[in-house]
Amino acid sequence: MNQNRTLNFILALYVLCIFVFIFAPILFSLVFSFNSQRFPTIPLGEFSTEWYAKIFADPDVWLAARNSLIVSVSTSVVATFLGFCTAYSDFRYNFRFKGPYLALILLPPTIPLIIMALAMLAWLSKLGLSGQLWSIILAHSVLTAPFAMAIIRLRLNQMDPDLEAAAWNLGSSEWQAMRHVIIPFCAPAIVSALCLTAAVSFDEFAISWFVSGLNKTVPVVILEIVQGNIDPQVNAIGTFVFLTSMTLVILAQVFFISRQVKSHS
């Protein structure tokens, strides 16, 4: 018992250290975004919203925010659609080379982002799509579709495989069974996938920087601001990006877990 308690204490301390290591810089960025001083020094200066006022008055930031919003929403829809189709085909059908097919679909998140960004830039340049918002949406869809597929496939694992066949036996067409059985059952996972893929797309930098051209997103603007100088506006923009991404991730968790709780109650 004492060994188990010691092990649990060490594991809890280890997890706590990881969370501190990850979130401490973000917390300091949040604190310094309200600091009146230009440089991040301690003790802090007076409480101020000057840097937020500056970014809200900057047309480049608003344009980047609009581009990021368009890209993230479009990416979430495309990636979730592709993820749903892939998850359903894996759930319903057995075919030759299914293993390599799934491995190929799940490959993009395992590729280093710089390599993937360079490959996307070369491919999109050949297609004449480089430097457009559609190029970012296409590249982000490739990157985030596996996340959507994993979430929706996890939900499909909880469904009785005979449920769809029962709908067919009762006279439903394949489309009616899809519309009235599969999609409603997967609705929480679909909403979760939409939120998660939007969050990943919203704060993704490497691919956006390579393929965006003049259509800059918020992460690209952050890089331009910090190049060559220390600008407190970065703390304000970073806080906005972090809160947006965390909100989407939390919503994804809430939608996915809430239905599971209801189904078990």
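The values are calculated or read from the model by the stated rules, or taken from the named source; none is laboratory data. Values in this document were obtained by computation on a predicted structure and should not be read as measured data. Virtual Cβ from ideal backbone geometry, glycine too; neighbours counted across all protein chains shown. The protein model used for the area step is the full one, side chains on, heavy atoms only, and it has no ligands, DNA or RNA in it. Shrake-Rupley method; radii C 1.70, N 1.55, O 1.52, S 1.80 Å.
For the reader, a short list of remarks on this structure follows.
- Output for region 43-60, where each listed residue is open to solvent by 20 Å² or more (accessible area, probe 1.4 Å) and either closer than 27 Å to L138 by Cβ or assigned to a helix (DSSP H, G or I) (or both): E50, Y52, A53, K54, F56, P59, D60
- Residues in region 72-85 that are within 13 Å of V142 (Cβ to Cβ) and either aliphatic (A, V, I, L, M) or modelled with pLDDT under 90 (or both): V78, A79, L82.
- Near pairs, Cβ below 6 angstrom, 6+ apart or cross-chain, from region 190-213 (free of Cβ contacts under 8 Å to residues at least 40 places away in the same chain and at negative phi) to any residue that is among the aromatic types (F, W, Y) and part of a loop (DSSP other than H, G, I, E, B): none
- Yes/no for S68 being under 18 Å from A236 (Cα atoms), of a type outside the set (D, E, K, R) and touching a residue at least 60 places away in the same chain (Cβ under 8 Å): yes
- Every pair of residues 6+ apart whose Cβ atoms lie under 9 Å, when the first sits in region 115-140 and is at positive phi while the second is assigned to a helix (DSSP H, G or I) and of a type in the set (S, T, Y): G131/S125
- Selection of region 227-265 for residues being in a helix (DSSP H, G or I), open to solvent by less than 60 Å² (accessible area, probe 1.4 Å) and either at pLDDT below 70 or among the aliphatic types (A, V, I, L, M) (or both) yields V234, A236, I237, V241, L248, V249, A252, F256, S258, Q260.
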